[in-house]
Structures are given as structure tokens and as C-alpha cells.
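Okay, structure first, notes after.
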Amino acid sequence: MNAGGLGVSIDSDHRELAMEFAGYVSRKEQQLDGYYGHGYLPCRYSAWEAITEDDAENEEIRDRLLQPFRGANSDDFVGEPGIVRTYHDRMEIRLYVPWASDRELARVTSEGKAAVPAPGEQAAEVEPGAAGRAAAADEAIPEEEGAPAKPPAGRADEAPDIAERHVEKMEELRAAVAGMTDQEVEVVLQGTPQEMLPIRSTVPASPAGLYRRLLNSGVYMPVNATWLRIEDDVLARIIQFVTTSQEADRMTPEEAAEWAQAEAEAIVAGKK
């Protein structure tokens, strides 16, 4: 039923089963995992409350544990570390380094095992320890042609030993975040070419503050005049702002998102 409702047809031959399924997918955990964690909007207020709590925890993680991995504070990293929650009980920390492509260079799994993917292959686990990591790095990450120009701050990494240089810190970070949050945590080292620096140099604003204002009786109700105005006056226009061929009117994705957030909040507050 549109974007925020569940219903069971009176003509259904399996009403009890359908009601059971509707109850299952509307649980808070499923709203977080199956919906919000994969790009959709929850329709349960408790899910948005949990997202708000996660946002606060993310800020604490950034303040306490991720400062050394910010491009502004390190010669090895660029941008702002990413925190990705696709499920209510697990998260992924992404650290960004200069590299010719948007490629995963190393991963530490939730079990604390280091993995280095070779080009075109799945990540293969390697034994912890400098020797094992160095060998994996030499075999799995060959020197690439066409390395990007140095980022604006002048940082660059030598690819052959990149896993050896960072995996130990990634292991320590995974353990620290897991201990702080009691969640399953993975840490990923991600290549960042020059053209991706702007989008990875900002922390995306959470939608929770906006969407919680659009909740009605504990359930997200998108089919109302306020939401329709946001769809027509804001969401449809930000695509135009990013893709327009008129350079004077074009916005970066970050600029468009900031504009959309302000416009939507003004509509919700009745100022427009």
C-alpha cells in the first residue's frame, strides 16, 4: 500500500498466513534490516527511534575512535570514514585511502580475520600477522598503472604494501568499535580516486530528524499533502539540479542534499 502501509485483502485465501507475514515485516528489526538498511523508509515509529539512537552512537564512534582515520588528521587517509548499518546488529566501518579506483583493498571481518581481495576475486582470508599480511598484499595488490594525482592535501599511498600498513590498525579499530557497541563489526579499506574525494569528504546528514516529523500515530504516512509537496517541489528538483547541462544551475550531490534538507524542513514546519 504505497510506501508506508501493509494490508491483507478480504479476498485472500490465506488471511491468517498473510496477517502473520504482515506482522513479521512490520517488526522493528525487519523495518531496520529489510527496509532502512537497504535504502527504503521504515513505517514504524520505533524503527525511527532506533535510527535516531544509532545516529547518536555513530557520532560517538566518530569522536572517540575515528579521528585518526580522517583525512584532515592523517597523511595516510582521505575524506571522512564511513559508518554503514545494513542490519540492526551489525555495521561496517569504511576507511578511505588514495587509489586509482573505487576498489576494496582490505577487509577485517567480524571474526577479526584479515582478508585481501585480488582483482576480480572474492576476498581470501589471510593469517593475522605482519608476514602473512605482507605476503597477501604483494600477491593480491599489484602495482596499478595510471595512479591518480595526489589529493588536494598531497597524500598518496604506495599500493604494494597498503594492506600491510593498515590491516593491523583495522583489526584494532574493529575490536574497539565492537567493544563499544556490542555489535558485529567489519572494517573495510576502500580505494578513493580523485573524482570521489568530494563525496567522501562529508558525513551525510541523517534523514531521521526530517522523517520523524512526518510520522502520524506511530506509522509513517507518506500519502498526505505535506509529503506530496516534498515529492513534487523538492525530490523531483534535486535530480534536475545534479544532472542539468547548464553549468550555472548545476549542484554537487552534497549541495543538492543540503538544499533539499532545508526545503523539506521548511515545508514540514509550515514556512513554505
Sites Glu29 and Val84, calculated FRET efficiency, Cβ-Cβ separation with R0 22 Å, nearest 0.05: 0.80
Ordering of 200-207, 103-110 by packing [mean C-beta count within 10 Å, highest first]: 103-110, 200-207
Charge context of Glu263, other residues only, Cβ under 11 angstrom, K/R +1, D/E -1: +1
Extension gain (nm, one decimal) between Glu265 and His14, 0.36 nm per residue minus Cα-Cα: 86.1 nm
With 5 Å bins from 0: P(r) over segment 224-272, alpha-carbon pairs, percent: 4, 24, 28, 21, 13, 7, 2
Efficiency of FRET from Cβ geometry, Ile239 and Lys113, R₀ 41 Å, rounded to 0.05: 0.50
Efficiency of FRET from Cβ geometry, Glu184 and Glu104, R₀ 22 Å, rounded to 0.05: 0.75
Additional length obtainable on full extension of the chain from Glu255 to His38, 0.36 nm per residue less Cα span: 75.8 nm
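Each reported figure results from applying straightforward, stated rules to the coordinates on display, with no laboratory input. None of the values given here were measured: they were computed from a predicted structure. Using ideal geometry, Cβ is built from the backbone for each residue, glycine included, and neighbour counts are taken over all protein chains shown.
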